[in-house]
Number of protein chains: 2
Amino acid sequence: MLNPVNSLRINGERLWQSLAELARIGATPKGGVKRLTLTAVDREARERFVAWARAADLAVRVDAIGNIFCRRAGTDPHAAPVAMGSHLDSQPSGGKYDGAYGVMAGLEVMRSLNDAGVATRAPLEVVSWTNEEGSRFTPVMMGSGVVAGVFPLEHCLVQRDADGVSVGEALKAIGFAGEAQAPRLGAYFEAHIEQGPVLEAERTTIGVVQGALGQRWFDCVITGQDAHAGPTPMDSRQDALIGASRLVLEVNRIARAHPDYARGTVGYLQVKPNSRNVVPGEVRMSVEFRNARDSTLLAMVAELKSCVRSIEAECRVAMALDEIVYFPPCEFDARMVASVRAAAGSLGLSHRDIVSGAGHDAVYVARIAPTAMIFIPCEGGISHNELERATPQDLAAGCNVLLHAVLARAGVTQAKEAVT
Amino acid sequence: MLNPVNSLRINGERLWQSLAELARIGATPKGGVKRLTLTAVDREARERFVAWARAADLAVRVDAIGNIFCRRAGTDPHAAPVAMGSHLDSQPSGGKYDGAYGVMAGLEVMRSLNDAGVATRAPLEVVSWTNEEGSRFTPVMMGSGVVAGVFPLEHCLVQRDADGVSVGEALKAIGFAGEAQAPRLGAYFEAHIEQGPVLEAERTTIGVVQGALGQRWFDCVITGQDAHAGPTPMDSRQDALIGASRLVLEVNRIARAHPDYARGTVGYLQVKPNSRNVVPGEVRMSVEFRNARDSTLLAMVAELKSCVRSIEAECRVAMALDEIVYFPPCEFDARMVASVRAAAGSLGLSHRDIVSGAGHDAVYVARIAPTAMIFIPCEGGISHNELERATPQDLAAGCNVLLHAVLARAGVTQAKEAVT
């Protein structure tokens, strides 16, 4: 059966222009974006998005945590909506595509369906989630977390930034403390730049995201004894930095030794007293492991603890390891993932399965609705950086995959004209 | 031949009381001392010392860098003076004995000789050197460095502290910009706490100091690539902290593999961007090696450079190693060292040869006069710390060694009474 919408394509030029226009709001001299959540520039971005949504005849509602839902009606009033989205806030030195792409891609799908006069059975929503980045207020992924029931709304509204302003106050100040209920979602697709190097390195356009890695984060304090570097013989030392360096290398070795997309990182390390000719008495450091499987993640942690005991004994230091965060691995809905793969295939786009190493709103939404993500390449894998770059071709390709995956899920009931 | 001064002993109680009185000047709540060079508290300490010296009939002169020389005349007007001394300034969180002991011990030798009516052939000097610590003004060991010709006087006078005050201004402000010429020294003895753990651990009272370790200091910058800890596979990373950790362990290994009192220390390490979930793109760190022999020190550095090349290749990072400081090893005068050993032996004190790991005024004075040092134990090897501690017994023992080494060098020409 020939489906008349099979050859429907989004308008890549319009998507590119919208992303460029949005990127001027909070633009930085180095070509990036500084758009911290619930600030004046975030308000401006939100208002631009809302204006565009209204211009596309979408029904806009805002919920109590400031999430923006923009609906395009479907022909079946009982069908749960198929949603698309991401976030408009950025890191302090952020890029033009992280988050913004998922929202603008959802809007572009709406506009393209309007242009083609295509009606869907299920209604569609494009969603902008509040405070995905967590740079101004914690926790991260706040808006999707509230909707998914991960965080109580009241808990989030009283979180304060470094200046003592609460989320609730900031929402009111920018006019986005809404009263709408978040809709029950029938499905959720999120398009996003990969933020890693894999697609670019493999010259692949579409990442079919299987889910997201689980994460276990630790704080580690290593206690030795300060001593003068000159008079203290090597055998008399209790050098905390020797213990820390051994642990850094073990974290790396453990991650490399495990399957299932294992990652092991020490990103933070602070030496005390941090003086050239004093043997360090204390080191504070982070350790984090990521893996697609909980069982492997636990095996990595067990190995870490065993290393800690060995290093303590061999380096004559005390090591306190404290687990502070656990995100379980997230596996996206198999049929949703298949629909992304099928859309990429039918569009003739190179694609590969991939697992997200980072958290996204989709990880929380997956707890309440069938969810999938679409990744496109970003230059050098660079993200959370003003130098973040993606090509118009890849941005359009990902948006076309989004379009067709959404149509497959929502069902097409009517097309103004058959496109051949 | 029975020498009537063989049984002469210093007054340990008076030495202890003088140290305690001096320690009240700039005393800190934790029992230490904050007496930064050329400050109001340093002035108070200097004035107390000068008053004590005058009370002991010593002739006090101050030179242009603020060194204080206090002379006790000898019977031979042509003999070059035998000097004793150290420094009165402290670290910001310093202890009661580092430096102060060497000055008070010298003063106590003078007082004890006065009490016993002993005249020496050569004149004696007790010296307080300006700015040994280098905490307020660099370079360290400034006063002794000027006298030894290591630093030009004019260069030192224009050095400024963090508030923009110069050494010259500070000297004038406290009334210690003198006009005297530093005397030509015939010999120099410096008594000091060990500032390391060796004597205490071996229950030995006197360290017969052979010299001081040579030092080579480096700055190292390791450049990798910042990347997201989540999306970046282990094989794609250029983690600067992995390179840094390997180098920390190599520095430690190299020091342990070499003889001649080798030390290897990374005391300073700074990670960028130092964020929990970002693979570190840059690490800046210090490396320092110390050794008693220049040839061994050079071998250690050669091995370090070879390690740097291996780590660069294996960790895909760039490492820039920059040598910033070189102190050559210092070997004290053999006859002076022998006189310290002989004094300890004749006093029946346990003693061992030792090499100073840290710099001292004696290291510079050794360039212009036969020099030796006397170490006594300090609790736990702790120094440059308010918790610095030494026992009255050990302080007195070191001072008695100083007395007899000085008398052996200066020659005794007259004793009021024979002490048996």
Legend entry - Residue-by-residue Karplus 3J(HN,Hα) for the stretch B:142-152, coefficients 6.51, -1.76, 1.60, Hz, glycine and proline x: 6, x, 5, x, 5, 5, 7, x, 6, 10, x
Inset, instruction - With the Cα gyration tensor of the protein assembly as shown in hand, convert its eigenvalues to equivalent ellipsoid semi-axes via √(5λ) and list them largest first in whole Å. - result: 75, 25, 21
Legend entry - Normalised contact order of chain A, rounded percent, pairs of Cα under 8 Å and 6 or more residues apart: 25
Inset, instruction - Go through the stretch B:6-114 and name the trypsin sites (Lys or Arg not before Pro) that are in a DSSP coil and have 12 or fewer other Cβ atoms within 10 Å of their Cβ. - result: B:Arg24, B:Lys30
Inset, instruction - Rounding to the nearest 20 debye, state how big the charge dipole of the stretch A:48-150 is about its Cα centre with +1 on each Lys and Arg Cβ and -1 on each Asp and Glu Cβ. - result: 200
Inset, instruction - Please report A:Phe69, B:Phe137 as a ranked list, fewest other C-beta atoms within 10 angstrom at the top and most at the bottom. - result: B:Phe137, A:Phe69
Legend entry - Using θ = phi - 60° and Karplus 6.51 cos²θ - 1.76 cosθ + 1.60, couplings along the stretch B:275-285 (whole Hz; Gly, Pro as x): 10, 3, 10, 10, 4, x, x, 8, 10, 10, 8
Legend entry - Using a 7 Å Cα-to-Cβ projection, A:Arg352 label spacings across copies, nm, ascending: 6.1
Legend entry - Label distances, nm, A:Lys172 versus same residue in remaining copies, Cβ-directed 7 Å point: 6.2
Legend entry - Over chain B: Kirkwood hydrodynamic radius from C-alpha pairwise inverse distances, Å: 22.9
Legend entry - Qualifying GluC sites (Glu not before Pro) for the stretch B:354-420 [loop in DSSP, other Cβ within 10 Å: at most 14]: B:Glu417
Legend entry - Full-stretch length increase - B:Arg352, B:Ala79 - with 0.36 nm per residue and alpha-carbon distance subtracted: 95.2 nm
Inset, instruction - Compute the acute angle (0 to 90°) between the alpha-carbon long axis of helix A:100-116 and the principal axis of greatest extent of the alpha-carbon atoms of chain A; round to the nearest 10°. - result: 10
Inset, instruction - From other protein chains only, count the Cβ atoms within 10 Å of every residue's Cβ in B:349-356, then give the mean. - result: 1
Inset, instruction - Just tell me which lysines come within less than 28 Å, Cα to Cα, of B:Lys34; anything on the same chain fewer than 8 places away is out. - result: A:Lys272, B:Lys96, B:Lys172
Inset, instruction - Amide H neighbours of B:Asp226 under 5 Å, at least 5 residues apart or on other chains, H built in the peptide plane: list them. - result: B:Gly281
Legend entry - Inter-copy label distances at B:Ala20 (7 Å, Cα→Cβ; nm, one decimal): 8.3
Legend entry - Extension reserve of the B:Leu153-B:Lys30 stretch, reckoned as 0.36 nm per residue once the Cα distance is removed: 40.7 nm
Inset, instruction - Determine which chain A residue has its Cβ at minimum distance from the rotation axis mapping A onto B, giving the value in whole Å. - result: A:Ser245, 2
Inset, instruction - Compute the Rg to Rh ratio over the stretch B:214-327 from the alpha carbon atoms, using the Kirkwood formula for Rh, and round to two decimal places. - result: 1.03
Inset, instruction - Quick one: what are the phi-derived ³J(HN,Hα) couplings along the stretch A:79-85, Karplus 6.51/-1.76/1.60 with θ = phi - 60°, whole Hz, x for glycine and proline? - result: 6, 6, x, 9, 10, 10, x
Inset, instruction - Rounded, prolate or oblate: pick one for the stretch A:1-151, where a ≥ b ≥ c are the square roots of the eigenvalues of its C-alpha gyration tensor, a/c under 1.5 means rounded, and failing that, prolate if a/b is larger than b/c, else oblate. - result: oblate
Inset, instruction - Using the Cα centre as the reference, give the magnitude of the dipole from point charges on the C-beta atoms of chain B (Lys, Arg: +1; Asp, Glu: -1; all else neutral), rounded to the nearest 20 debye. - result: 460
Inset, instruction - Provide the gained length on full extension for the span B:Thr138 to B:Gln270, in nm with one decimal, where the gain is 0.36 nm per separating residue minus the Cα-Cα distance. - result: 45.2 nm
Inset, instruction - Can you check what the net charge comes to around B:Trp129, using other residues whose Cβ is under 15 Å from the Cβ of B:Trp129 (Lys, Arg +1; Asp, Glu -1)? - result: -4
Legend entry - Separation in nanometres of the label points that stand 7 Å from Cα toward Cβ, at A:Asp57 and A:Glu379: 3.9
Inset, instruction - Rank the residues A:Val118, A:Val412, A:Val365 as a footprinting-exposure proxy: fewest other Cβ atoms within 10 Å of their Cβ go first. - result: A:Val412, A:Val118, A:Val365
Inset, instruction - Quick one: dipole size for the stretch A:106-208, taken about the Cα centre, charges +1 on Lys/Arg Cβ and -1 on Asp/Glu Cβ, in debye to the nearest 20. - result: 280
Inset, instruction - Only Cα pairs under 8 Å and at least 6 apart count here; give the relative contact order of the stretch B:268-420 as a rounded whole percent. - result: 18
Inset, instruction - Quick one: which residues, 5+ away or cross-chain, put their amide H under 5 Å from the amide H of A:Val355? H built at 1.01 Å from N. - result: A:Gln210
Legend entry - Computed FRET value (nearest 0.05) for A:Asn6 with B:Lys305, which takes r as the C-beta separation and R₀ as 41 Å: 0.05
Inset, instruction - Pull up all non-local amide H partners of B:Ser86: gap of 5 or more, or a different chain, and H-to-H distance under 5 Å with H placed in the peptide plane. - result: B:Val103, B:Val127, B:Trp129
Legend entry - Options B:Val209, B:Ala23, B:Gly345, ranked by Cα towards positive dipole end of chain B, top entry (Cβ charges): B:Gly345
Legend entry - the stretch B:214-327: relative contact order in percent, alpha carbon pairs under 8 Å with at least 6 residues between: 44
Inset, instruction - Please sort B:322-334, B:242-254 by packing, taking for each peptide the average over its residues of neighbouring beta carbons within 10 angstrom, highest first. - result: B:242-254, B:322-334
Inset, instruction - Please give the helix A:294-315 orientation as an angle from the longest Cα principal axis of chain A, in degrees from 0 to 90, rounded to the nearest 10. - result: 20
Inset, instruction - Please give the average number of partner chain Cβ atoms lying within 10 Å of the Cβ of each residue in A:216-226, rounded to a whole number. - result: 1
Inset, instruction - Find out how many positive minus negative residues lie around A:Lys272, taking Lys and Arg as positive, Asp and Glu as negative, among other residues whose Cβ is under 9 Å from that of A:Lys272. - result: -1
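None of the figures in this text is laboratory data; all of them are computed from the coordinates on show. Every value quoted in this text rests on a predicted model; they were computed, and no experiment measured them. Here the Cβ is made from the backbone with ideal geometry for all residues, glycine too, and neighbour counts use every protein chain on show.
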